[in-house]
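What follows is a set of notes on a single structure, which appears directly below.
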Amino acid sequence: MTEIGREPKKKSKGNRAIRMNLFFLAVFVLFTALIFKLGVVQIVEGEQHEENAEKANAKTAYYPAPRGKMYDRNQKVAVDNQSVPEIVYVSTSSTKTEDKIKTAKRLAALIHIDTEFLKERDLRDYWLASHPKKAAALLKESESNLKGAQAYKLQIERVPDQELKAIQQDNEEMEIAAIYTRFSSGNAYEPQIVKAMNPNESNSNGKNGTLLDEKKSSTQRPKNDLTYDEISIVSEHLEELPGIDIVNDWTRKYPYDKTLYSVFGGVTTPDQGLLSDRKDFYLTRGYANNDRVGKSYIEYQYEDYLNSQKEKVQYVEDNKGNVVSQKTIDKGSRGYDLQLSFDMELQAEVEKIIEEEVRNSRARGNYMLDRAFVVMMDPNNGDILSMAGKKIDLETNKIQDYAIGAFTTQYEMGSAVKGATVLAGYQDGIPHYKYFLDAPMYLGTNLIKKSYTNMGTINELTALQKSSNVYMFNVAMHIAGVTYKPHGSLPADQKDLLKMRNYYSQFGLGVKTGIDLPQESAGMQTTPETVGGLILDLAIGQYDTYTPLQMAQYISVIANGGYRVQPRIVTSIHKPGKKDQIGKAIEHRKPKVLNKINNSESDLKQVQTGMKLVTSSGTAKNTFTEDVSGKTGTAETFYYGTNRNWWGKSTYNLTFVGYYPSKNPKVAFSVVVPSVDDDDKINKIIAKRAIHAYAELEKKHSKK
């Protein structure tokens, strides 16, 4: 029994040993695998994991790069950029409010800063930040459980008025408050501009910026613009100013001064930042709150192209939020450049002509005259060669750029629209060489409609040549299906008015031209309860109103053989070039035909003949030295300009539309001068000088 009992014990010990060996082997294998994996992680993948760790703690700051430039049709720079030094502040994830206050105090001792932008809310924020214990005491014991925005709202409301007054009476503390407000205008790693140099200022050394006179008191020193002295002293103390740096920013530069200034449009300042009505739109596209964007016209319309790719600087933080390294990971690049349709030499000359002739006309007694416009465009492709407008300040007598008025304001254009009226008559079935009697027309009991003189029986050529109103009245009545009866009624209704307007819309009158700029006006049309004789006024340009740009598009239709071409400002978009050389085009904008009018080639030739008669022997006889065809216009109207004391006074709008040369025209133009005496010739003088300027520049360019 003993032997039999011992045998199982030996087996049990052997099995246990095997299991132990297997266990140790498994541990050894796992341990070896772990060591191998650690080796792979540390040696093979170490750099990658280290890089990933850095990325987890990396923050990116975006520094401004210049916007795209604008070139004219001759590749001359029309809108440029200029380097501007500025002081910026960048906070980090670990930056505390007390850190900002300390840096603001140190910086305020070195520079001067404008405080006019400060609002009461800014001063309340500053006081709470600079007096944390007093700020905490503003909360009652029952409110001690409130946190964050709820508590802060109560504290803001309870800042003592005497504390705010004390800040306002202390110039130095106001400057600290201003700097702190600049610091706090954005999020961490969003560079905030504290102070920038004004590029238009020059010091005695011929450099941009103003020199700081240390002998002046703080209230006398320049505060708005950064100076070279301030740059120097801040540079020497950067180690004492955490978050502060001096960088080169940009500002817009205009080689042609104020020429076309209003059409180029403005760019917001860093203080203004994103446009409030499009803020969400920009933020979803990666913009920061203080980014500058185009706020009007070309700058606004082409923001997507002009906007730059910012310089990216990466800051790496440790676990405590302290910056341990920084490096530039993308130098950024300028925005795309635009080539414009404008000829800046022509534009500058036309603006000069308008300004001179407006002053000359006012000297002749036209005291209500306060603006004038000229639009010149290529009738074949829609290129706007010049779009000039000037408006005079009647109080200061200074003339301002008002080119935007060429497509945002509208006026009665008078007889200049008669070419469209004749062509509308052709479309409605009136034959060529149709004769009507030009004599006074008597409507109802006391209404007389007539031309400036009785012309007898005339056809459409003479009607255009001599600017007959009565001929156009007959065309309008034909379109309305009305037969003239002396002293009878004129039963035209809204359907007839709409029919006339539909004819005119083919030429771009009463509809938007489609120009690539925002805020274009379509003119003004009213719908009267009783139409009657108003349809006659429409036929001679004395009812509906149109813009100077619409008039240029309309005359282009006649000049080019019946095609309404969309006006354009930007002809191509380019990569940034070197220096002032335009870069490679990434997009060419082709001309666009909006519609063709429902007239035959012979219809157009007939009207073209009439418009040549205007300048050779008609109402514009002896006006031009060049071969121009066109139509004059005078509209009886009332003053509705800038001086409200004159509103309602009778006056005239003088206009001129035409094209040059008469065969194969290269340029079509409109001249619009509101609020002038009817015997003044300013519209003809401006038209003459503008076409002469175009012809002279054409000769100049052909010699190159």
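Residues in the range 641-689 that are under 28 Å from ASN380 (Cβ atoms) and part of a strand (DSSP E or B): 14 in all.
Yes or no, residue by residue, for (1) farther than 30 Å from MET70 by Cβ; (2) under 22 Å from the mean Cα position of the chain (by Cα); (3) of a type in the set (S, T, N, Q); (4) at pLDDT below 95:
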| position | (1), (2), (3), (4) |
| --- | --- |
| VAL570 | no, yes, no, no |
| ILE573 | no, yes, no, no |
| ASP580 | no, no, no, yes |
| LYS592 | no, no, no, no |
| LYS596 | yes, no, no, no |
| SER600 | yes, no, yes, no |
| ASP603 | yes, no, no, no |
| GLN608 | yes, no, yes, no |
| MET611 | yes, no, no, no |
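Filter the range 500-546 for residues that are in contact (Cβ under 8 Å) with a residue 60 or more places away in the chain and assigned to a helix (DSSP H, G or I); which is farthest from the chain's Cα centre (by Cα)? Out of the qualifying residues, it is LEU536. Checked against (1) over 19 Å from the mean Cα position of the chain (by Cα); (2) in contact (Cβ under 8 Å) with a residue 12 or more places away in the chain, GLY286 passes all but a single condition, namely (2).
Do you know which of the residues in the range 547-563 that are part of a loop (DSSP other than H, G, I, E, B) and touching a Leu at 6+ places or on another chain (Cβ under 7 Å) is surrounded by the most Cβ atoms within 10 Å (Cβ to Cβ)? Full working, then the answer.
Step one: list which residues in the range 547-563 are part of a loop (DSSP other than H, G, I, E, B), which gives 547, 561-562.
Next cut, touching a Leu at 6+ places or on another chain (Cβ under 7 Å) only: 561-562.
On the way: GLY561: 16, GLY562: 19.
Taking the candidates together, the pick is GLY562.
From TYR402, TYR426, grab the single residue that is over 26 Å from GLU601 (Cα atoms) and of a type in the set (Phe, Trp, Tyr). Talk me through it step by step, then tell me what you get.
Values: TYR426 fails: over 26 Å from GLU601 (Cα atoms).
Exactly one of TYR402, TYR426 is over 26 Å from GLU601 (Cα atoms) and of a type in the set (Phe, Trp, Tyr), namely TYR402.
Can you tell me which of SER386, SER415, SER361 is open to solvent by less than 20 Å² (accessible area, probe 1.4 Å), in contact (Cβ under 8 Å) with a residue 24 or more places away in the chain and in a strand (DSSP E or B)? None of the other options fit; the residue is SER386. Could you tell me whether TYR426 is within 19 Å of MET611 (Cα to Cα), surrounded by fewer than 12 Cβ atoms within 10 Å (Cβ to Cβ), at pLDDT 95 or above and in the same structural domain as MET413 (by the TED database)? No. Restricting the first member to the range 303-328 and to residues that are at positive phi and open to solvent by less than 60 Å² (accessible area, probe 1.4 Å), and the second to residues that are of a type in the set (Val, Ile, Thr) and outside any helix (DSSP H, G or I), the beta-carbon pairs closer than 7 Å and six or more apart or on different chains are GLY321/THR92.
Would you confirm, using the coordinates I've provided, whether GLY405 is open to solvent by less than 50 Å² (accessible area, probe 1.4 Å) and either over 19 Å from ALA552 (Cβ atoms) or assigned by the TED database to the domain that holds THR651 (or both)? Lay out the reasoning, then the answer.
Numbers: open to solvent by less than 50 Å² (accessible area, probe 1.4 Å): yes; either over 19 Å from ALA552 (Cβ atoms) or assigned by the TED database to the domain that holds THR651 (or both): yes.
Here the answer is yes, as GLY405 does meet what is asked.
Considering the conditions (1) under 25 Å from GLY508 (Cβ atoms); (2) open to solvent by 10 Å² or more (accessible area, probe 1.4 Å); (3) aromatic (Phe, Trp, Tyr); (4) in contact (Cβ under 8 Å) with a residue 40 or more places away in the chain, TRP646 is excluded by exactly one of them, (1).
The values are calculated or read from the model by the stated rules, or taken from the named source; none is laboratory data. Note that this is a predicted model, so its numbers are computed, not measured. As a convention, Cβ positions derive from the backbone with ideal geometry for all residues, glycine included, and neighbour counts pool all protein chains shown. Only protein heavy atoms, including side chains, enter the accessible area calculation; ligands, DNA and RNA are left aside. Shrake-Rupley method; radii C 1.70, N 1.55, O 1.52, S 1.80 Å.
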